[in-house]
1. Starting from 0.36 nm per residue, how many nanometres of slack lie between Glu401 and Gln318 once their C-alpha separation is accounted for?
2. Give me a comma-separated list of calculated 3J(HN,Hα) values for the stretch 12-23, in order, Karplus coefficients 6.51, -1.76, 1.60 applied at θ = phi - 60°, integers in Hz, x for any Gly or Pro.
3. What is the extension gain from Arg75 to Arg141, computed as 0.36 nm multiplied by their sequence separation minus the C-alpha to C-alpha distance, in nm to one decimal?
4. With a 10 Å Cβ neighbour count serving as the proxy for reagent exposure, in which order, fewest first, do Lys323, Lys66, Lys293 appear?
5. Taking the Cα atoms only, what angle lies between the long axis of helix 292-311 and the longest principal axis of the chain, rounded to 10 degrees?
6. Round to the nearest 10 and give me the degree value, 0 to 90, for the angle of helix 62-76's Cα axis relative to the longest principal axis of the chain.
7. Using the Karplus curve 6.51 cos²θ - 1.76 cosθ + 1.60 with θ = phi - 60°, work out ³J(HN,Hα) for each residue of the stretch 282-287 in order, rounded to whole Hz, and write x for Gly and Pro.
8. Per DSSP H run of at least 4 residues, take -39500 (n - 2.57); add these up for the chain, divide by its residues and hand me the 222 nm value, nearest 500 deg cm²/dmol.
Amino acid sequence: MVTAGFHRIDITPPVGAPLAGFAARQGVSTGVHDPLFAHALVIESGGRAAAFVSVDVLGLAADFVKRVRQMIRARTGLAEEAVMVSATHTHSAPVTVSTFFNPGEALNQTYMDRLASAIDDAVAGASQNRVPARVGVGSGRVSGIGRNRRSVDHLPVDDEVGIIKVASPDGRPRGVLINHACHPTVLGPDNLLMTGDFPAFAIARIEAELGAGSFALFVNGAQGNISMGHSSELSAIGIITPGRTFERAEELGSRLAEVVLEKLPAIATADDLPLSCASRTIHLPFNVYPSPKETAAALTDAQSALDMLQQDGAAVEQVGPAKTRRLYASIRNFYAGEAAALPDGRLPIEIQGFRFGAALFVAVPGELFVEIALRIKAETRHPVFIMGITNGYVGYLPTREAYRAGGYEVVSAKVTEAAEDLLVGAIRELDHRLMAEAA
């Protein structure tokens, strides 16, 4: 018999907390548009259990995830490899991970302790709330949400919406997990209200349609180069393009919800779903940077040049590129410090897999480019869903081709172009291992 349970905990910090995601954002949070949550779904089948956790934050460090998993294991008995902790990647949530977005800004340890307890409580609550259920995996297609922000025609994108359907024993839908690849960045650096962005609107719409006691949670996909089409470089230096409104976020969230609700009736469910979990660590080659002393000097020079232009009242056409050069110098300086701390020039990351029936869910701790996910899906005969920004945060993971083109995401990637094939190889290995168990 399958059992499933869901629970959520409010993780909204006090107003005044700094918001993560945009280096150009000025000021701290001034209010709450919609509360932030840690959502947890626990499914048990055949004596094996797995937990999906979705947290409304930009990202979480691997060490933090390790700490939370240990707390969950001590409390619930769930194995660490059976707990998948994802960040939705909303850019309107508190700072929860140290990145080039917030160099030198210390995390609020009181809040991080509260967040760890909230995630633990969410999983424990979901485990305790388990009741007999029927579970199935399906998918739909959605258009008009994500656009490839690095190409002229805004393609390719992954328009697939992965769906885990949880139903009561009589077949009535109780809730869903949604997997879709797109930056939750409808709201830009000018927004100072806390929000889950478009996924929060999708969740609210689905739960309203399914009725009292229902649930929904969102897990992002391979969204490294997928957003609403807003330029990542312009956003990073604080230039606001039209359409970055809560009305637009609600429109896109509703569009995603409509696809899920439309597909739910056709997704078959079972009460004996095969379930298994696995995890492995791989090592990605870190980029080679000058010494921290050299990158710090380059950052000082870039800042001085920008200051001079602004003091002289230079035109936007001059100030914009200077802001970009300053941003890039800041990123390289941040990563030079990380590189100096790595003993062998390799970055260890976790690749995790969950098998539910004939479908595979793969967790990657970074912002994977969509082309890599599409490559994996094309090479696999059964359904595969990529869960991005999960179990850690290592920044962007571009394709080999993207490295030749350069740009914001490539400068923001801390690993070399060899990462693509290493990632694909690790995912294939997990796929073979987990699907062989099903054979």
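Just so you know, all these numbers are worked out from the coordinates, no wet-lab data involved. None of the values given here were measured: they were computed from a predicted structure. Glycine gets a Cβ as well: all are built from the backbone with ideal geometry, and neighbour counts include every protein chain shown.
1. Length difference between fully extended and current span is 27.0 nm.
2. Once θ is set to phi - 60°, the couplings for the stretch 12-23 become 5, x, x, 4, x, 5, x, 9, 9, x, 10, 5 Hz.
3. Going from the current span to full extension adds 19.9 nm.
4. Lys293, Lys66, Lys323
5. That helix lies at roughly 70 degrees to the long axis.
6. So the inclination is approximately 20 degrees.
7. Taking θ as phi minus 60°, the curve returns 10, 10, 9, x, 7, 4 Hz for the stretch 282-287.
8. -11500 deg cm²/dmol
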